[in-house]
1. Once label points are set 7 Å from the Cα along Cα→Cβ at both Glu55 and Lys37, what is their separation, rounded to one decimal in nm?
2. Provide the net charge surrounding Trp106, with neighbours chosen by a C-beta distance below 10 Å and charges set as Lys +1, Arg +1, Asp -1, Glu -1.
3. So who's got an amide H within less than 5 Å of the one on Asp92, skipping anything under 5 residues away but keeping other chains? H placed 1.01 Å off N, in plane.
4. Subtract the Cα-Cα distance of Asn47 and Thr129 from 0.36 nm times their separation in residues, and report this length gain in nm to one decimal.
Amino acid sequence: MKRLFKKVVCLVSVMTLCLSTIVFAAGESKSEKNYPKSIVVENIIENDDGSITVERRLLQFLGTGYINGNGVNLRSGPGTSYSSKGYLYYGDSVGVYNDTEVSGDWLFVYVNSGTLDGKDGYVYDTYITITSPARLSPAIE
């Protein structure tokens, strides 16, 4: 199998997050933005026989935070075997999501500042400090 591309699709949101892009409300700064409560990551894969498989995973918003190390890899998947998309540095702001399909200690993030502003990927949880945990609302029945 060969990964063709990944896109992020909005599921539930105050703001809109689609194709890894966040659209801000008029007059809103990045530091004030709200993140979607959950998003869907869609992986489109070309199989060996040429057919296409689409995998979707639901990610839950954990809160906002910052990177607490320097030269931290932003990875294309949850593990060191995935390619690096670049480096994050101390203080870079991120929206943090828990990928329930991923075992281990990797979190999906949307980068909100620094040299990788606007990119998303996975970071090992040790390198993230969550400063504003998400408020969970009761399930609607």
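Bear in mind these aren't lab numbers, they're just calculated from the coordinates by the rules spelled out. Everything quoted here is computed from the prediction, not taken from an experiment. Cβ atoms come from the backbone with ideal geometry, glycine included; neighbour counts cover every protein chain shown.
1. Roughly 2.7 nm, to one decimal.
2. For residues surrounding Trp106, the net value is -2.
3. Ile67
4. Result for the pair: 25.7 nm of gain on full extension.
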